[in-house]
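The values are calculated or read from the model by the stated rules, or taken from the named source; none is laboratory data. Quick caveat: nothing in here was measured; it's all calculated off a predicted structure. Neighbour counts run over all protein chains shown; Cβ positions are idealised from the backbone, glycine included.
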Amino acid sequence: MRIAVLSDIHANLPALDAVLTAAGAVDAIWHLGDVVGYGPDPDGVVERLRTAGASGVKGNHDAAAAGGSEIDWFNPEARRAMEWTRATISPRTATWLAALPESVRTGDCTLVHGSPREPTWEYITSVPVARANLGVLEGRIGLHGHTHVPVAFLEEDGRIEVVSPGDGSVLELRGRRGLVNPGSVGQPRDGDPRSSFLVLDTDTDTVSWHRTGYDIDAVQASMREVGLPASLVGRLSVGL
Ligand code: ZN
């Protein structure tokens with residue numbers, strides 16, 4: 001089974017469409033939360049995921065958009081964007097976001113936004129944090145986002161191997177346990193502005209990461225048009 005795993009789409013519809021095209025024929029689409037927030041088209045992104053039959057989990061931005069107190073923890077610009085998101089989304093989108101679970105266990109995989117032990121908020125950015133989360137991970141593979149940076153932490157003989165993938169990187173899991181992050185579709189932060197996603201192949205037990213360009217200018221124009229903060233517009237050009 002080939003599964004496209006997408007995270008942190010952040011209301012960026014041209015990026016999502018580019019990724020869905022690049023992923024091609026897959027057996028399932030999983031998302032790891034932060035479907036909305038920052039970007040200009042929350043309703044469009046939710047509708048696209050719905051019609052594509054995607055399933056997934058709730059991120060901190062999704063929880064805030066659905067009315068949650070998570071907004072109190074946002075920095076001023078994220079908060080401004082979230083207030084715009086709340087005022088913009090349809091009741092149907094709000095209901096869809098509110099219904100997302102914090103984590104999903106399916107087969108060998110656990111899906112979360114942040115981390116297995118703290119699904120909404122924790123950033124897995126270091127070996128100690130990865131090790132602690134591998135200790136509580138149910139199943140073999142933890143799929144997570146939130147950092148907007150593609151990475152994998154693999155456990156072998158008590159050691160943790162860190163993999164920093166690029167476009168086209170293929171990782172053979174060989175039965176190992178690990179935490180795997182696809183990077184961000186809608187607001188990459190690893191210095192490469194192209195959308196990032198991964199494909200999990202459960203038959204070959206491999207993960208491959210992919211980058212795909214999209215019309216950044218068009219998204220930035222939409223953001224300016226609705227008055228989203230300039231720093232959020234600018235960062236899409238540089239992928240930071
Ligand atoms: Zn995010």
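When residues of segment 47-63 are filtered for being away from the ligand (no atom under 11 Å from the Cβ) and closer than 24 Å to residue 123 by Cα, how many remain?
Residues that pass the stated criteria total 6.
Quickly run through segment 187-201 and pick out the residues that are more than 17 Å from residue 36 (Cα to Cα) and either over 14 Å from the mean Cα position of the chain (by Cα) or not aliphatic (A, V, I, L, M) (or both).
190, 191, 192, 193, 194, 200, 201
Within segment 147-182, which residues are assigned to a loop (DSSP other than H, G, I, E, B) and touching a residue at least 40 places away in the same chain (Cβ under 8 Å)?
147, 148, 149, 150, 165, 166, 167, 168, 169, 182 - these are the residues of segment 147-182 that are assigned to a loop (DSSP other than H, G, I, E, B) and touching a residue at least 40 places away in the same chain (Cβ under 8 Å).
Of the residues 199, 185, which single one is part of a loop (DSSP other than H, G, I, E, B), closer than 15 Å to residue 29 by Cβ and not acidic (Asp, Glu)?
Unique residue meeting the criteria: 185.
If a residue must be over 30 Å from residue 26 (Cα atoms), buried (at least 19 other Cβ atoms within 10 Å of the Cβ) and not hydrophobic (A, V, I, L, M, F, W, C), how many such residues does segment 37-79 contain?
1
Output the residues belonging to segment 184-202 that are of a type in the set (Asp, Glu) and farther than 11 Å from residue 237 by Cα.
Result: 190, 201.
Restricting attention to segment 23-37, does a residue exist that is away from the ligand (no atom under 15 Å from the Cβ), touching a residue at least 60 places away in the same chain (Cβ under 8 Å), β-branched (Val, Ile, Thr) and farther than 20 Å from residue 146 by Cα?
Taking every residue of segment 23-37 in turn, at least one turns out to be away from the ligand (no atom under 15 Å from the Cβ), touching a residue at least 60 places away in the same chain (Cβ under 8 Å), β-branched (Val, Ile, Thr) and farther than 20 Å from residue 146 by Cα.
Out of 53, 39, 67, I need the residue that is farther than 29 Å from residue 108 by Cβ, modelled with pLDDT of 95 or more and either more than 13 Å from the chain's Cα centre (by Cα) or of a type in the set (D, E, K, R) (or both). Which one?
Selected residue: 39, the only one of 53, 39, 67 that is farther than 29 Å from residue 108 by Cβ, modelled with pLDDT of 95 or more and either more than 13 Å from the chain's Cα centre (by Cα) or of a type in the set (D, E, K, R) (or both).
To keep it simple, each residue is scored yes or no on (1) modelled with pLDDT under 95; (2) surrounded by 24 or more Cβ atoms within 10 Å (Cβ to Cβ); (3) in contact with a Leu (Cβ under 7 Å, 6 or more places away or on another chain).
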site	(1), (2), (3)
128	no, no, no
168	no, no, no
185	no, yes, yes
188	no, yes, no
191	no, no, yes
196	no, yes, no
211	no, no, no
